[in-house]
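Coordinate-derived values only; no laboratory data. Note that the structure is predicted; figures quoted are calculated from it, not measured. For neighbour counting, all protein chains shown are included, and Cβ atoms are generated from backbone atoms with ideal geometry for every residue, glycine included.
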Amino acid sequence: MHDAHDIEAIRAEAERWFARLRGGTCSAAERRAFAAWHAVEAHAAAYAETERLWAGMDALAGDAEVGEWLREARRPGRRAPGGLRRLRWLSAAAAVALACAAGAYYATRPGSVAHYATARGEQRRVDLADGTRLVLNTDTVLEVRLGRRERTLHLEKGEAAFEVAHEAGRPFVVHVGDSVVTDLGTRFVVRSDGAQTVVSVLEGEVAVDRAGHATARLTPGEQLAMDGADWQKRRADPATVDAWTQGRLVFRATPLAEAVAQANRYGPGRLVVADASLRDYRISGEFRIGNTDALVRALESAFPIRAEAVGEETRLKRR
């Protein structure tokens, strides 16, 4: 599995190969090198995406700015103002033009939709064409539609952190369940497990509108938890809200049952509080995501708890 950095590097390679092959002067050795590179599944997928993207550019040639990018990328070399050389497709400049056009294509094409998902234990960073940065947490499904008048996202499940590039004329709206979160220039986190939705603000401000409820505004350090008919606004510790984006779980007097539920979102294995009398024990500490062994050892040393492995489960019992 490739991380976000690897994926971006592969896409850049695909754009360079695409530009080089279209230059018309590729040597036989270069074509053999391309064939070897293209034989890797991830490389072939990235190259196909580049081909589809460039083919789609023609449909936008009527747009003055995109049309100019297309003409510049395809015309013979000439002197540009300031003495800068505009090279043909075989140059790196053409690949840059392709990347710039790609940003405009995805940001403005009416109805364009992108889907992002993570598996259990996986996280993913995504840079949108408008400059917004997303981090998807474990087991998350997100749909993104960047329109000319509004940027609309649907969080189907899971958790995502949003660092929004604010545009006064193009609102950024996140739909989750029956709630709508509208960015007012901020950084925030939204989590939904089906039963409960939690919106936490780290910077700036958001407006939250839920069917049947009045709109609430949240500022840094505030959190809105929505569970059924319950609508609870409360304070939130920023250190615990987005610690997962740095690969950490942070607990501050957190009930054991809640801490176990958070750890179980990532795996490996599964923790079970087998003794109900332990559920309300308050625990504090920082743990690396996925390192459930360290969490279990800390529990055994700090509380009258013993861990018993049963298959893929680790059962926490009173000692």
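What to note about this one:
- Within region 253-319, GluC sites (Glu not before Pro) in DSSP loop having at most 13 other beta-carbon neighbours inside 10 Å: Glu312
- As a calculated quantity, the FRET efficiency between Glu167 and His115 at R0 = 30 Å, using C-beta atoms, amounts to about 0.85.
- Evaluating 6.51 cos²θ - 1.76 cosθ + 1.60 at θ = phi - 60° for every residue in region 190-197, the Karplus couplings come out as 10, 10, 9, 10, x, 8, 9, 10 Hz, glycine and proline recorded as x.
- Rounded FRET efficiency, nearest 0.05, which uses the C-beta distance separating Ser284 from Gln232 and R0 of 22 Å: 0.45
- Distance between region 206-282 and region 130-197 - C-alpha centres, whole angstrom: 18
- Once the gyration tensor of the Cα atoms in region 113-239 is diagonalised, the equivalent ellipsoid follows with semi-axes of 20, 18, 14 Å, ordered largest first.
- Hydrodynamic radius of region 241-319 per Kirkwood, over alpha carbon pairs, in Å: 12.5
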